[in-house]
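Asker: Sharing a structure below in structure tokens format, with a few things to ask.
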Amino acid sequence: MLRLAQPLNYSNPRHVAHIVFEILGIRPRATAGVALPTKPRPRNVARLQARRGGRRDFPMPRFAPIDFDAELPELPFADAIPSELPLEQLVFYRDEHPLIRKLCRYQSLWRRRLACVTSERYH
């Protein structure tokens, strides 16, 4: 079982890089310019757009849903360890350790969360 001496912020790309490369000891890969595996656009979005007629396009989510089960290309190892590891690059490490797949899911949910606005923000 992996135990950390201090709590880490799993949504922070710097902390994720620290977990993956320093704590888990995974070698970095060259992920620059590699297309991220995303899920295809749902069929119901095209149907909704057709029903809207000439009005503006149906709004899509800010981030395309990532396909966590898609085949990944074999990537060469990188020369240097990156200081940050955002979700778009973390996906390429998902099969190297069970914790990384959980980090991918957590970050994906974190991005899709609803923004909670408290009354303190308005004062």
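The values are calculated or read from the model by the stated rules, or taken from the named source; none is laboratory data. Model, not experiment: these values are computed from the prediction. Here Cβ is always computed from backbone atoms with ideal geometry, including for glycine, and neighbour counts include all displayed protein chains.
Asker: Any residue in the stretch 63-75 that's more than 24 Å from residue 110 (Cα to Cα): show its pairings with residues that are modelled with pLDDT of 85 or more and outside any loop (DSSP other than H, G, I, E, B) at Cβ separation under 7 Å, as long as the two are six or more apart or on different chains.
Answerer: Pairs that qualify, where the first residue is more than 24 Å from residue 110 (Cα to Cα) and the partner is modelled with pLDDT of 85 or more and outside any loop (DSSP other than H, G, I, E, B), are 75/29; 75/92.
Asker: Continuing with the same structure: Have a look at 63, 68, 58 and point out the one that is in contact with a Cys (Cβ under 9 Å, 6 or more places away or on another chain), outside any helix (DSSP H, G or I), of a type outside the set (D, E, K, R) and modelled with pLDDT under 90.
Answerer: None of the others qualify; the one that does is 68.
Asker: Here's another thing I want to ask about it. Among the listed residues 16, 34, 20, which satisfies the condition of being more than 20 Å from residue 106 (Cα to Cα), surrounded by 14 or more Cβ atoms within 10 Å (Cβ to Cβ) and modelled with pLDDT of 85 or more?
Answerer: Numbers: 16 fails: more than 20 Å from residue 106 (Cα to Cα); 20 fails: more than 20 Å from residue 106 (Cα to Cα).
Being more than 20 Å from residue 106 (Cα to Cα), surrounded by 14 or more Cβ atoms within 10 Å (Cβ to Cβ) and modelled with pLDDT of 85 or more holds for just one of 16, 34, 20, which is 34.
Asker: Moving on. Hey, does the stretch 74-94 have a residue that's modelled with pLDDT under 65, among the aliphatic types (A, V, I, L, M), over 22 Å from residue 9 (Cα atoms) and assigned to a loop (DSSP other than H, G, I, E, B)? It would help to see each step written out before you state the result.
Answerer: First pass over the stretch 74-94, keeping only residues modelled with pLDDT under 65: none.
Checked against the condition, which is being modelled with pLDDT under 65, among the aliphatic types (A, V, I, L, M), over 22 Å from residue 9 (Cα atoms) and assigned to a loop (DSSP other than H, G, I, E, B), the stretch 74-94 yields no hits at all.
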